[in-house]
1. Of the cross-linked pairs A:Lys84/A:Lys180; A:Lys84/A:Lys156; A:Lys13/A:Lys156, which ones have a Cα-Cα span greater than 25 Å in the structure shown?
2. Looking at B:Ser29, B:Gly84, A:Leu88, which one has the Cα that reaches farthest to the positive end of the dipole of the protein assembly as shown (charges on Cβ: Lys, Arg +1; Asp, Glu -1)?
3. Which value, in debye to the nearest 20, describes the size of the charge dipole of the stretch A:14-60 about its Cα centre when Lys and Arg Cβ atoms bear +1, Asp and Glu Cβ atoms bear -1, and nothing else is charged?
4. Need one number: nm distance between label points at B:His25 and A:Gln173, each 7 Å from Cα along Cα→Cβ, rounded to one decimal.
5. With θ set to phi - 60°, apply the Karplus curve 6.51 cos²θ - 1.76 cosθ + 1.60 along the stretch A:29-37 and write out the HN-Hα couplings as whole Hz, x wherever there is a Gly or Pro.
6. Rounded to the nearest Å, what's the spacing between the alpha carbon centres of the stretch B:97-153 and the stretch B:220-253? Just the number, please.
7. Return the lysines within reach of B:Lys183: Cα separation strictly under 30 angstrom, same-chain partners fewer than 8 residues apart disregarded; answer none if there are no such residues.
8. Loop-only check: which GluC sites (Glu not before Pro) in the stretch B:18-103 are DSSP coil with at most 10 other Cβ within 10 angstrom?
Amino acid sequence: MDLSVRIGKIQMKNPVMTASGTFGYGGEYSEFVDLDRLGAIVVKGLSLQAREGNPSPRIWETPCGMINSIGLQNVGLDAFLKEKLPWLRRFQTPVIANILGSFPEEYSNLARRLDGEVEGIEVNVSCPNVRKGGILFSSTPESLKEIVGRVRDSVKQSTLIIKLSPATSDIGQDALLCEKEGADAVSMINTIPALAIDTETRKPRLSNITGGLSGPAVKPIALKMVWDSYRRLRIPIIGMGGITCGTDAIEFMLAGATAVAVGTANFINPSATMDIISGIEAYASEKGIRKITELTGGMQCS
Amino acid sequence: MSRHFSAEITDIRQLSREHFILTLHRPPSAPEPGPGQFFLIRLPRCGEDPLLRRPFSIFDWDEGKLRFFIRVAGKGTAILAGSGPGERIDLIGPLGRGYPEPSDGKRPVMVSGGMGIASLFPMIREQGKGGLLLYGARTSDELHLLDEIGATGIETETITDDGSSGRKGTVLDLLHDAVQSGKMEGAVVYGCGPWGMLHSLLGFLKENRMEGYLSLEERMACGLGACMGCAKEIGGRMLRVCLEGPVFSVSEF
């Protein structure tokens, strides 16, 4: 049985990756996960300078999910290249760096410096554009186009992935725009903007007031967005949103994903990624599937 | 040895309507914890709701068991309280940085507010003789486990918010008295309790230039330092309670 998939230039031994921000820089989970068995490792989002993130509280649990507003706390690009990446190079698994910025130039600088250092660069476009009063880069086609165009010009060797936000009127349209601007793949979905309030104090549960919802609660929404995009795209989709077991991953592939990313499930079961790979294998062997790529877009509507 | 293991519940002892002691059979593969460390417990029988694990300080252990002192504070702890002997639960731990041993000749003084005793008990057990415990709670009903504490041989002073047992006041009042009576000479303080109490304790320790260690509490997701969900501002930096803590030195603030 062949579990391998290809995302741009990245050849993966299976379709299971980690979702940015839920797996640290890999080392945090090495005690529970055989990092060599993963399809790819996507690390915590990187900015040019280290960021301290938002004050606490930063997380709140909701039915079958959680809301977080970490504020993109990270070690910064230099520390990643000097301390984190050399350690990850002990493993055979491709490394994908997630990048974020406050200005368009920050994205292109990050992309240029990471190009060729990592197999893939995943661009988080759901960040506030500081120069435009904090409106998200992904919120208009013009600003999304600008970011994708800039990183495309900066990335020559690595595979370029754009991570899309569900906070949009038509995610398929956004994905198509990324394809036209030269992205090698899209990943979806980022967390869904959300809010929780303490009725005793009338205060928001998070210091940042709002945050992003993740976990099994978002899975049906994410699946629909993958399906909407798949029908219009040629480039591959990395599907994510509430995947906790092998059959969840299979659902995403049937909806149109070539690969999948595991996020919040890592918090509940530190070896979730391993269990999901085993679950995909078991499904494929039970159904007599020879190449896992056969599943992509394989939902039978009639 | 693996820090991710499953263990059978052997006993749930109700101490009050809200408080209970959860005892688990400790499998041989489970590593030995240290005072101040914690475990993440996956709630039994609930699938994906509540979703996240719950962090609990280790209260007591030996070769064959792990004990946790828990207060029902919401849905997750209520589910735990309602589980029974024979059920298996999934744990990750021991996690985090615990309390350091007192350096030679220093007198350990444990300052506990309310549920803080759940985290401080292993220090009381290991450092009890020659040490001092200042133990405060809202009411006398919440001054739990005085028998077990007494059996360690530690000198103990209690105080309650409402005066229903011992003096009326807070552990900070006991601390001021202990200073007056010379009991704090050469002391190293270990504190755990609600944030308001810890904040006052921190101010006191800084002002008096005393060595001390405080155990903090925060909501957590991964417990492994990956999600950054439990980070708190300490000394101008956002530090993870699960990894850099939960015990922080006063000098870090």
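The numbers here are math on the coordinates, done by the rules we state, and not lab data. Quick caveat: nothing in here was measured; it's all calculated off a predicted structure. No Cβ is skipped: glycine too gets one built from the backbone with ideal geometry, and neighbour counts run over all protein chains shown.
1. On the way: A:Lys84/A:Lys180 33 Å; A:Lys84/A:Lys156 23 Å; A:Lys13/A:Lys156 23 Å.
From the list (A:Lys84/A:Lys180; A:Lys84/A:Lys156; A:Lys13/A:Lys156), the Cα-Cα distance tops 25 Å for A:Lys84/A:Lys180.
2. Sorting the options by dipole projection puts first A:Leu88.
3. Details: 4 positive and 5 negative charges, 48 e Å.
My answer is approximately 220 debye.
4. 6.1 nm
5. Once rounded to whole Hz, the list reads 10, 5, 6, 10, 10, 7, 4, 5, 8.
6. What the calculation gives is 23 Å, centre to centre.
7. Cα-Cα hits under 30 Å: B:Lys106, B:Lys129, B:Lys168, B:Lys206.
8. Values: sites: B:Glu18, B:Glu48, B:Glu63, B:Glu87; in loops: B:Glu18, B:Glu48, B:Glu63, B:Glu87.
Filter output for the stretch B:18-103: B:Glu63.
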